[in-house]
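The values are calculated or read from the model by the stated rules, or taken from the named source; none is laboratory data. These numbers come from a predicted model, not from an experiment. Reconstructed Cβ throughout: ideal geometry from the backbone, glycine too, with neighbour counts over all protein chains shown.
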C-alpha cells in the first residue's frame, strides 16, 4: 500500500508533523540555557532546579504527556491530537514568556512538557502512516533533522540575545509559542491518516487490536522491551551528555560563551548532515541492522576517547565529530522508525506513548543521580556512559528488524504470521 496524495503534499505534511521534534528539542535546550537566568532572577533553590530538570520537557512531564496523548491518538485519531495540542503547548510556553516568579516557571515548564510528550506519538505515527512504503525512513529522517534544528536555532538566538539577559530568554520562548500557534492553523489543513481511518472500518473481529490489554500480549511486550532497551540506554547517555558537555568545553581551554555555543551548533550541524546523507539516503534500501551497528560502534569509540585519553582540544574535537556523526543514523532515528513499524495501526501511538513515557521518566529519575556520579570523577562517569552505549548497541544490533522497503501492512502481516 502506497499512501495517496501528491509528493509535495506528503513532504509538507511530514514537515508540519515533524516540527513537533523542533519544539521538543528547542524547549529542552531553551530551558537548560534559561536555568541560570531564572536562578539569578527568582532565587531558585537547587531543589527547584532539580524539579525543573526532572519534570520538564526532557523527562517526566513529557513522559506523562506521551502516555495520555498516545492513547487518545489511537482512540480519537491523529489529527485531533497533533492539531489542538499545539494550542496547549503555546499556553504552557506563555507562562514562561511572562513568568515573574518561580512557581510560574515550574508550571509553564510542566505544561510544555505535557504538550511536547502528547505530540510526539501523534506526529511520529502520522509520518510513518502517510509516507510512501519505499521512503518511510527518509520521511522519518526529516523529523530528526528538525529535532537537531530546534536546538541550533535556540542556541543562536540565545547567543545574539545574551546582552538582554532574561528578556532574551523571553524572546526565545515567545518564538516557540508563536510557532506552535502558527502550526495550529497550518495543521488544520492536513488530513487524517488514511491508514488509521481504514483500520476503523475493519470487521469487528479485528477491532480487538484497539484494546489497551492487547498491548500486553507477548509479541507487543517483546517489541516494546527491545525498543525501550535500545533507545532507553542510549537516552541515558544523551540526557547525561547535556550535563557534562559544558565541562568538556571548560576543561579544554576555558572556552568563551561564543566558543561553547559554536561547538554545540557545529555538533548539531554534523548530526543533521549525518541524518540527511546517511539515514535518509540508505535506511530504506540497505540492511538496517548493519547501519545501526556501524552507528553504535562509532559512538562507543567516540565516548571511549574521553575515558582513555587526557581531555585535550584535539580529543574533544574528535569526540564531538564522532558522536554527532554516529547519532545521525543511530538509536534515536531508528527508534522513531521502528516504533512506528513494530505495532498495528490501532495500537501504534499507544505503544509509542508508553515507551516514550518509560524512557523519559527513567531519564528524569536518573537525572537526580547525575551530580553524584560526576563527583566520582570524570573518567568514571565516562566509562559509565560508554557502558550505556555498548548495551544500547548490542540490543539494537541483535534485535533490529529487517523492514526496509516493506509496507506497514506487510510488516503487520509478518508479525501475525510469526505469532
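Yes/no matrix, rows are residues, columns are (1) in contact with a helix residue (DSSP H, G or I) (Cβ under 8 Å, 6 or more places away or on another chain); (2) modelled with pLDDT under 90; (3) part of a helix (DSSP H, G or I):
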position	(1), (2), (3)
18	yes, yes, yes
35	yes, yes, yes
38	yes, yes, yes
54	yes, yes, yes
58	yes, yes, no
64	yes, no, yes
71	yes, no, yes
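Quick grid of which residues meet (1) surrounded by fewer than 24 Cβ atoms within 10 Å (Cβ to Cβ); (2) out of contact with any helix residue (DSSP H, G or I) (no Cβ under 9 Å at 6 or more places or on another chain); (3) at pLDDT below 90:
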site	(1), (2), (3)
115	no, no, no
136	no, no, no
142	yes, no, no
153	yes, no, no
158	yes, no, yes
168	yes, no, no
171	yes, no, no
182	yes, no, no
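Considering each residue of segment 97-110 in turn, at least one proves to be closer than 17 Å to residue 361 by Cα and within 21 Å of the chain's Cα centre (by Cα).
This table checks each residue for (1) assigned to a helix (DSSP H, G or I); (2) at pLDDT below 85; (3) touching a strand residue (DSSP E or B) at 6+ places or on another chain (Cβ under 9 Å).
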position	(1), (2), (3)
9	yes, yes, no
13	yes, no, no
25	yes, no, no
44	no, yes, no
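Close contacts from segment 122-135, counting a first residue that is closer than 14 Å to residue 412 by Cβ and a second that is surrounded by 24 or more Cβ atoms within 10 Å (Cβ to Cβ) and at pLDDT below 90, with Cβ to Cβ under 6 Å and a gap of 6+ residues or different chains, come to 125/78; 129/193. Residue under question is residue 317, and the condition is that it be at pLDDT 95 or above and under 30 Å from residue 276 (Cβ atoms); does it hold? No; evaluated as a whole, the condition is false for this residue. Inspection of segment 90-107 finds no residue satisfying the criterion of being at pLDDT below 85 and out of contact with any helix residue (DSSP H, G or I) (no Cβ under 7 Å at 6 or more places or on another chain).
Yes/no matrix, rows are residues, columns are (1) surrounded by fewer than 22 Cβ atoms within 10 Å (Cβ to Cβ); (2) in contact (Cβ under 8 Å) with a residue 12 or more places away in the chain; (3) in contact with a helix residue (DSSP H, G or I) (Cβ under 8 Å, 6 or more places away or on another chain):
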| residue | (1), (2), (3) |
| --- | --- |
| 283 | no, yes, yes |
| 287 | yes, yes, no |
| 299 | no, yes, yes |
| 320 | yes, yes, yes |
| 326 | no, yes, yes |
| 330 | no, yes, yes |
| 334 | no, yes, yes |
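With a cut-off of at least 3 residues that are modelled with pLDDT of 85 or more and in contact with a helix residue (DSSP H, G or I) (Cβ under 6 Å, 6 or more places away or on another chain), name the helices (runs of 4 or more DSSP H) lying wholly within segment 367-419. Result: 378-399. The conditions of being at pLDDT 90 or above, surrounded by fewer than 22 Cβ atoms within 10 Å (Cβ to Cβ) and assigned to a helix (DSSP H, G or I) are met by residue 358. Give the residue, chosen from 266, 215, 221, 197, that is out of contact with any strand residue (DSSP E or B) (no Cβ under 8 Å at 6 or more places or on another chain), at pLDDT 90 or above and either surrounded by fewer than 20 Cβ atoms within 10 Å (Cβ to Cβ) or in a helix (DSSP H, G or I) (or both). Sole residue among the options that is out of contact with any strand residue (DSSP E or B) (no Cβ under 8 Å at 6 or more places or on another chain), at pLDDT 90 or above and either surrounded by fewer than 20 Cβ atoms within 10 Å (Cβ to Cβ) or in a helix (DSSP H, G or I) (or both): 221. Within segment 47-62, residues that are without any contact (Cβ under 8 Å) to a residue 40 or more places away in the chain have Cβ atoms under 8 Å from residues that are assigned to a helix (DSSP H, G or I) in these pairs: 49/35; 49/39, counting only partners at least 6 apart in sequence or on another chain.
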